1. How do 20-29, 74-83 rank on mean C-beta neighbours within 10 Å, highest first?
2. Against the longest principal axis of the chain, how steep is helix 19-64, in degrees 0 to 90 to the nearest 10, with axes from Cα atoms?
3. Compute the relative contact order of the chain as a whole-number percentage, counting only Cα pairs closer than 8 Å that sit 6 or more residues apart in sequence.
4. Summing +1 for each Lys or Arg and -1 for each Asp or Glu, what net charge is found among the other residues whose Cβ lies under 15 Å from the Cβ of residue 36?
5. Taking the alpha-carbon distance from residue 29 and a cut-off under 25 Å, which lysines remain once sequence neighbours fewer than 8 residues away in the same chain are dropped?
6. P(r) tail for region 1-99, what percent of Cα pairs lie past 15 Å?
7. Considering the dipole of the chain built from charges on the beta carbon (Lys and Arg +1, Asp and Glu -1) around the Cα centre, which of 58, 113, 30 is farthest to its positive end?
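Coordinate-derived values only; no laboratory data. The structure presented is a predicted model; accordingly, all values stated were derived computationally and were not measured. All Cβ positions, glycine included, derive from the backbone under ideal geometry; neighbour counts span all protein chains shown.
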Amino acid sequence: MLILSMTIYAIVSSFTPGPNNIMSLFYSKNYGIIGSIRFCIGVGLGFFLLLFASNFFSSLLYQVFPKVQLFMKIFGAVYLLYLAYKIATSKSTDNDGFNEKYNNIKFGMVLQFINPK
């Protein structure tokens, strides 16, 4: 059942809009498919590593402390509400967009770990 849940989550979160999808679109528009392939490989690799690590540590934590599941659900819900509040109250900024220096495998991987999905 855990594998099925993680598979469904992986499929859904891979295609929902987020910073990695928007940056991939930007880089492919400005630099072409070949020019953006490094970033896309980094996003895929980082997403795989993130899913693997979160599945491993969540299972381990649940085996050691079975009652932690309720706390994790409450903490996750509060954190998502906090993020929604911060987004709703943030002010827009005028910056000149993404920079080519972020169009690489390393940044694509790092982006997965700071992405709140």
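1. Values: 20-29: 16.0, 74-83: 10.5.
In descending order of packing, they fall as 20-29, 74-83.
2. For 19-64 against the chain, the angle is about 10 degrees.
3. Details: 67 pairs, mean separation 56.1, N = 117.
Relative contact order of the chain: 48 percent.
4. Numbers: positive: 29, 38, 101, 106; negative: 100.
That works out to +3.
5. Once the sequence-local lysines are set aside, what remains near residue 29 is 101, 106, 117.
6. Working: 3664 of 4851 pairs.
It works out to 76 percent of all Cα pairs.
7. 58
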